[in-house]
1. Can you give me the relative contact order of the stretch 21-112 as a percent, contacts being Cα pairs under 8 Å and 6 or more apart?
2. Quick one: which residues, 5+ away or cross-chain, put their amide H under 5 Å from the amide H of THR91? H built at 1.01 Å from N.
3. On a 1.4 Å probe surface of the protein chains, which of TRP47, TRP36, TRP102 comes out largest in accessible area, and what is the full order?
4. Select from TYR32, TYR80, TYR60 the residue whose mean-square fluctuation is largest in a Gaussian network model of the chain (Cα-Cα springs shorter than 10 Å).
5. For SER57 and ALA23 in one chain, what is 0.36 nm times their gap in residues minus the Cα-Cα distance, to one decimal in nm?
6. Using the Karplus curve 6.51 cos²θ - 1.76 cosθ + 1.60 with θ = phi - 60°, what ³J(HN,Hα) values do you get for each residue of the stretch 80-85, in whole Hz, with x for Gly and Pro?
7. Dipole of the stretch 17-75, Cα-centred, from +1 at each Lys and Arg C-beta and -1 at each Asp and Glu C-beta, to the nearest 20 debye?
Amino acid sequence: QVQLVESGGGLVQPGGSLRLSCAASGFTFSSYWMYWVRQAPGKGLEWVSAINTGGGSTYYADSVKGRFTISRDNAKNTLYLQMNSLKSEDTAVYYCSIAGYWGQGTQVTVSS
């Protein structure tokens with residue numbers, strides 16, 4: 001059974017950094033593209049970033065480009081999202097996902 005468990009969220013001041021992790025199990029992690037999506041309060045899901053199977057190709061929404069870095073460690077079945085220069089508008093629940101599946105999410109709150 002596919003399981004995706006996000007962690008690393010929390011409260012951070014504007015300009016700060018957080019590193020999110022997603023522990024994956026129940027499937028061959030290294031065979032799938034992985035994604036981060038988020039949902040801000042009162043808004044729909046927004047795609048944030050994508051990474052190919054080997055980790056060599058990454059893609060970002062314009063809103064986070066240059067500030068966020070997606071990466072993966074296939075040996076550890078783990079996906080990461082390094083978030084730097086955080087803004088208040090980054091406040092959201094962040095989910096890692098593969099096609100058709102997502103985890104429980106981790107709350108990121110950017111506030112002074």
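1. Taking the mean separation of contacting Cα pairs over the length of the stretch 21-112, I get 29 percent.
2. VAL110
3. Result, largest first: TRP102, TRP47, TRP36.
4. Of the options given, TYR32 has the highest mean-square fluctuation.
5. 10.2 nm
6. 10, 9, 8, 10, 10, 6
7. Its charge dipole is roughly 140 debye.
The values are calculated or read from the model by the stated rules, or taken from the named source; none is laboratory data. Small disclaimer: the values here were computed from a predicted structure and weren't measured. Note that we place each Cβ from the backbone using ideal geometry, even for glycine, and neighbour counts take in every protein chain shown. Side chains are part of the model used for accessible areas, which takes the heavy atoms of the whole protein and leaves out ligands, DNA and RNA. Shrake-Rupley method; radii C 1.70, N 1.55, O 1.52, S 1.80 Å.
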